[in-house]
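Only the coordinates and a few stated rules stand behind these numbers; no lab work does. As the structure is a prediction and not an experimental result, all values here were calculated from the model. FYI the Cβ positions are ideal-geometry reconstructions off the backbone, even for glycines, and counts take in every protein chain you see.
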Amino acid sequence: MRAEHASYACGAALGFLGDLAMGDPRRGHPVAAFGRAALAVERLLWRDHRGSGALYTALCAGGAAAGAVLSVRAVRALGRPASGGSALGSAVLKPAGRPVLGHPVLGRPVLGHPVLGHPVLGHPAAGTFALGRPSPAAQTMLTAAATWAVLGGTTLGREARAIGGALTAGDLDAARRRLPHLCGRDPQALDESQIARAVVESVAENTSDAVVGALVWGAVGGVPGLVGFRAVNTLDAMVGHKSPRYRRFGWASARLDDVAGWPGARLTAALAALAGPDPRAAWRAWRRDGHRHPSPNAGPVEAAFAGALGVRLGGTLAYGGRVEHRPVLNPGGRPVEAADIERAVRLSRRVGALALGVSVAARLTVGARLTAGARLTAGARLAAGVAPRPARTAARPGAAPVPAARAPHGALARWARSMRTPASGAGRSGGPATVRPTAAGRDEG
């Protein structure tokens, strides 16, 4: 268990570094492929009804998470063999004189070794193979690939800096052309300060959506958590609008994104206050203005960024031909300038790095505690004289699966010997010793 958590930690760090080094590819990105598939499903299921939208969300988000679960299981199935042999499985061979406990049909241990002429349950001839242990390297690479695919911090900063550079050069038309790459606002009616404000707000919100939230759910659910969160967030970006077409159909995606984004948004706001140039102002703006935003997740993040940078966010904005008048966040701050875009990007980078550290540390800490708890439980079972649970096995086609467990030692071995009754003509050099199963399945002398 500890190895799995360590593999996730290494994979998440590698994926984060991969995003820093490469960003998102212009073609063939997995998230873009998911978006195309979701668009095809939307064409089939669209109805101006919440039920249709809920079905659409369940199919798309659930399908992405299920695919991630299958990928994890495939990597585990191709892991290291449990006791030698091929990568797909290995024969369960036990030393002479050690019982293979818990046959599902006979309910009795079997002694012996193939060399001595006594059959051993789980020998290749019986068609039973032990499942391979997960390969740490394979798990690490799968986590790294998933982390790189779902993170978007580098591309976010790249687009923001491109707009900031156009504003600094005085090319307002170029800035307006690039703004739709970052957010859905109508750029034609925006002046330089309003474009800069839109960029800073988008950087703040997407730091939570494209970086921190994914890392939080990755720490909770591993690769399925990473993929599932990114799928939900993508669906919200596609259909979670209040336009006439999506007001009802996109309701489920928007509400699910609100729930999934809640922990990441609070962590983003806290880290922005911690890593920003003015922590006190960030905390004050978050507490005072975060709840005033119409979005339960964007509000705390944008308010914390506004306080940390000393700027004023919110106010009037235009989306797709409709005008919204939002509350002002950090009203005591100054108007946003083009130079504040670079400051926001740097703050976003620091927040992302801190989020990686927090999520990895949390995953390792929980993994260590679970491992310690499992060891204490195993020790208590041994002290109570309870046989350990048999290991999982995978059978060849047509063969019944037979679980196998390593023989107990010490007090448990003495207990097992005391429970065995030799059959007629059986002994250490004869046939296998047997015990009679009771109705409850416990061995009885």
Check: If you look at just the Cα atoms of the stretch 250-320, how large are its Rg and its Dmax in Å?
Finding: 12.6, 38
Margin query: Within 14 Å, Cβ to Cβ, of residue 195, how many net charges do the neighbouring residues add up to if Lys/Arg are +1 and Asp/Glu are -1?
Written below: -3
Next item on the list: Can you tell me how much longer the chain between residue 50 and residue 188 gets when fully stretched, taken as 0.36 nm per residue apart minus their C-alpha distance, in nm with one decimal?
Entry: 46.4 nm
Checklist line | Karplus (6.51, -1.76, 1.60) ³J(HN,Hα), θ = phi - 60°, over the stretch 50-58, in Hz, Gly and Pro reported as x | finding: 5, x, 5, x, 5, 4, 4, 5, 5
Note to self: Skipping prolines and chain starts, which residues have an amide H placed within reach, meaning under 5 Å, of the one on residue 171, given they are 5 or more residues away or on another chain?
What the structure shows: none
Item checked: 5 angstrom amide H check on residue 326, placed H, neighbours 5+ away -> 315, 316, 317
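Could the peptides 217-228, 21-32, 51-62 be put in order, highest first, of the mean number of other beta-carbon atoms found within 10 Å of their residues?
On the way: 217-228: 24.0, 21-32: 13.0, 51-62: 19.0.
Packing proxy ranking, top to bottom: 217-228, 51-62, 21-32.
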Check: Using modelled amide H (1.01 Å from N, peptide plane; none on Pro or chain starts), what sits under 5 Å from the amide H of residue 135, excluding residues fewer than 5 places away?
Finding: 79, 80
Notebook entry, point to check: Nearest 0.05, what FRET efficiency do residue 368 and residue 158 give at R0 = 25 Å with Cβ-Cβ as r?
Noted result: 0.10
Notebook entry, point to check: Nearest 0.05, what FRET efficiency do residue 342 and residue 376 give at R0 = 60 Å with Cβ-Cβ as r?
Noted result: 0.70
Check: Taking θ as phi - 60°, what are the ³J(HN,Hα) couplings along the stretch 351-363 by the Karplus curve (6.51, -1.76, 1.60), each to the nearest whole Hz, with x for Gly and Pro?
Finding: 4, x, 5, 5, 5, 4, x, 5, 5, 5, 4, 5, 5
Check: What are the extents of the Cα atoms of the stretch 195-352 along their three principal axes, listed from largest to smallest and rounded to whole Å?
Finding: 39, 38, 25
Check: What does the convex hull of the Cα atoms of the stretch 179-253 come to per residue, in Å³, rounded to a whole number?
Finding: 89 Å³
Next item on the list: Quick one: Debye curve from the alpha-carbon atoms of the stretch 225-279 only, equal weights, vacuum; give me log10 I(q)/I(0) at q = 0.25 Å⁻¹ to two decimals.
Entry: -0.88
Checklist line | Per-residue HN-Hα couplings for the stretch 259-273 [Karplus 6.51, -1.76, 1.60; θ = phi - 60°; Hz; x = Gly/Pro] | finding: 5, 5, x, 4, x, x, 5, 5, 5, 4, 4, 5, 6, 5, 5
Notebook entry, point to check: Roughly how many nanometres apart are two label points built 7 Å out from the Cα toward the Cβ at residue 350 and residue 29?
Noted result: 2.6 nm
